[in-house]
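Here's the structure, in structure tokens; my notes come after.
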Amino acid sequence: MPFITHIKTFAALGSGVIGSGWVARALAHGLDVIAWDPAPGAEQALRQRVANAWPALEKQGLAAGAAQHRLSFVSSIEECVRDADFIQESAPERLDLKLDLHAKISAAAKPDAIIASSTSGLLPSEFYESSSHPERCVVGHPFNPVYLLPLVEIVGGQRTAPEAIEAAKGIYTELGMRPLHVRKEVPGFIADRLLEALWREALHLVNDGVATTGEIDDAIRFGAGLRWSFMGTFLTYTLAGGDAGMRHFMQQFGPALKLPWTYLPAPELTERLIDEVVDGTAAQVGERSIAELERYRDDTLLAVLEAIGTSKARHGMTFSE
Ligand SMILES: NC(=O)c1ccc[n+]([C@@H]2O[C@H](COP(=O)([O-])OP(=O)(O)OC[C@H]3O[C@@H](n4cnc5c(N)ncnc54)[C@H](O)[C@@H]3O)[C@@H](O)[C@H]2O)c1
């Protein structure tokens, strides 16, 4: 069956941090959005989050006809998905919950609508097990803030059709994103697997009293973090090998890989460690509210994205290269 590839109506199930980010992105791209979330007060919280994201989206440039009032909030799963061309689930990360939810979503959706889940690491073959037409079901794993960060990892399950992956890629591209197809269905996909390794080591550094949370964040944001925004680890290390490139780099630094620099298994989350991390990050936050920090993050991300785009253009590259 051919899948819908140009969409007008976007359905969002679950409107927490990630779901509201999808809603903001879809609205900014001129779509009609229908949302559902079972929590009391969810509609008001969603509209508030979208309003908080809107200044950044305006700065980035809205599509013709884009408007916050094109969001409607409904009271059932069926109403949410019935007329949707594309469905994005962003419900809590629990296998039993997603399994049940997707059985209901897929039964009520148009058979040619693509269904995607924002899951950070659950396997689509598992949580789409009871879905009808599982060939149109994918993972579309975004990054926070969804309305600004371009990356979305697309993962298929055993029963996902290759055409559905292609359709999802096209739709996410129309939404201004940079889809990355994860070829194998592995837990944690690509990005979270890398981020999790860094997170474990960061917790060890706090646990061992080597550094505070702020110092560890400084170690990333004034160094590798700046490079990572436009050049990944492999290309960065190729340059670190000088003119001889990656082969030289691997010969020179290969032996260090055998040294016990990293623990890999996570530390025990003791009360002491949790307190240290919570107190450390509270000191970093200081007097600022989360909403203020979100504005600061959005503003800075926009500036970085613009700078990367300008620099790439000067070097003959497109933004998604
Ligand atoms: N937070 C992140 O950085 C991040 C990044 C990428 C992907 N994700 C994934 O996105 C999904 C949502 O995460 P989040 O951080 O937005 O969580 P969240 O707790 O902020 O939001 C979850 C929302 O789902 C609602 N909900 C509860 N039961 C539901 C149900 N049965 N059906 C639909 N919605 C229901 C809740 O009321 C809440 O509003 C998870 O699968 C998570 O792994 C999170």
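The values are calculated or read from the model by the stated rules, or taken from the named source; none is laboratory data. Just so it is clear, the structure is predicted and the values come from calculations on it, not from any experiment. Positions of Cβ are backbone-derived with ideal geometry, glycine not excepted, and every protein chain shown enters the neighbour counts. Note: areas computed on protein heavy atoms with side chains; ligands, DNA, RNA excluded. Shrake-Rupley method; radii C 1.70, N 1.55, O 1.52, S 1.80 Å.
Over the chain, what is the mean sequence separation of C-alpha contacts under 8 Å (at least six apart), divided by residue count, expressed as relative contact order in percent?
15 percent
Calculate, axis by axis, the spread of Cα positions in the chain along the three principal axes, and write the results as whole Å, longest axis first.
Computed over the Cα atoms, the extents are 57, 45, 43 Å.
Could you list the square roots of 5 times each eigenvalue of the Cα gyration tensor of segment 9-182, that is, the equivalent ellipsoid semi-axes, sorted largest first and rounded to whole Å?
With the √(5λ) rule applied to segment 9-182, the semi-axes are 23, 18, 14 Å.
At a 1.4 Å probe radius, which order do 218, 275 fall into by accessible area, largest first?
275, 218
Run the helix sum for the chain: -39,500 (n - 2.57) per DSSP H stretch of 4+ residues, divided by residue count, reported at 222 nm to the nearest 500 deg cm²/dmol.
-14500 deg cm²/dmol
What is the angle, in °, between the Cα long axis of helix 162-174 and the longest principal axis of the Cα atoms in the chain? Nearest 10 is fine, range 0 to 90.
With rounding to tens, the tilt is 80 degrees.
Taking each pair of different alpha-carbon atoms in segment 95-147 once, compute 1/r for the pair, average those values, and report the inverse of that mean as the Kirkwood hydrodynamic radius in Å to one decimal.
Evaluated on segment 95-147, it is 11.3 Å.
Could you tell me what percent of the accessible area of segment 221-321 is made up of carbon and sulfur, with a 1.4 Å probe and every protein chain present?
63 percent
Considering only lysines 8 or more places apart in sequence, or on different chains, count the pairs in the chain whose C-alpha atoms sit under 21 Å apart.
7
Select from segment 182-220 those trypsin sites (Lys or Arg not before Pro) which occupy a DSSP coil region and have at most 12 other Cβ atoms within 10 Å, ordered by residue number.
Hits after loop and neighbour filter: 183, 184.
Keeping all protein chains in the complex and leaving out DNA, RNA and ligands, what accessible area do you get for residue 146 with a 1.4 Å probe, in Å² to the nearest 10?
Surface open to solvent at residue 146 totals about 0 Å².
If I model a spin label at residue 318 and residue 208 as a point 7 Å from the Cα along the Cα→Cβ vector, what separation in nanometres do I get?
4.5 nm
Principal axis extents for segment 197-321, Cα atoms only, whole Å, descending order, please.
Answer, in whole Å and largest first: 50, 42, 18 Å.
Evaluate E = 1/(1 + (r/R0)^6) for residue 196 and residue 51, where r is the Cβ-Cβ distance and R0 equals 25 Å; express this FRET efficiency to the nearest 0.05.
E(calc), rounded to 0.05, equals 0.15.
How would you classify segment 1-109 from its alpha-carbon gyration tensor, with a ≥ b ≥ c the square roots of the eigenvalues: rounded for a/c under 1.5, else prolate if a/b is greater than b/c, otherwise oblate?
Here segment 1-109 falls in the oblate category.
Can you tell me the length gained on complete extension of the stretch residue 310 to residue 215, counting 0.36 nm per residue apart and subtracting the Cα distance?
The residue 310-residue 215 span can extend by a further 31.1 nm.
Among 171-177, 266-272, 157-163, how do they line up by average Cβ neighbours within 10 Å per residue, starting with the highest?
Ranked by mean Cβ neighbours within 10 Å, highest first: 171-177, 157-163, 266-272.
Quick check for you: with a 1.4 Å probe and neighbouring chains kept, what is the accessible area per residue of segment 112-175, in Å²?
31 Å²
Let's test this: bin the Cα-Cα distances of segment 178-224 at 10 Å from zero up to the farthest pair and state each bin's percent.
P(r) for segment 178-224, in whole percents per bin: 23, 40, 25, 13.
Amide H neighbours of residue 153 under 5 Å, counting only residues 5+ apart in sequence or on other chains, H built in-plane at 1.01 Å?
Amide H neighbours of residue 153, under 5 Å, 5+ apart: 141, 180.
Counting only heavy atoms of protein chains, what accessible area per residue, in Å², does segment 191-286 have with a probe of 1.4 Å?
74 Å²
Round to the nearest 10 and give me the degree value, 0 to 90, for the angle of helix 17-28's Cα axis relative to the longest principal axis of the chain.
So the inclination is approximately 60 degrees.
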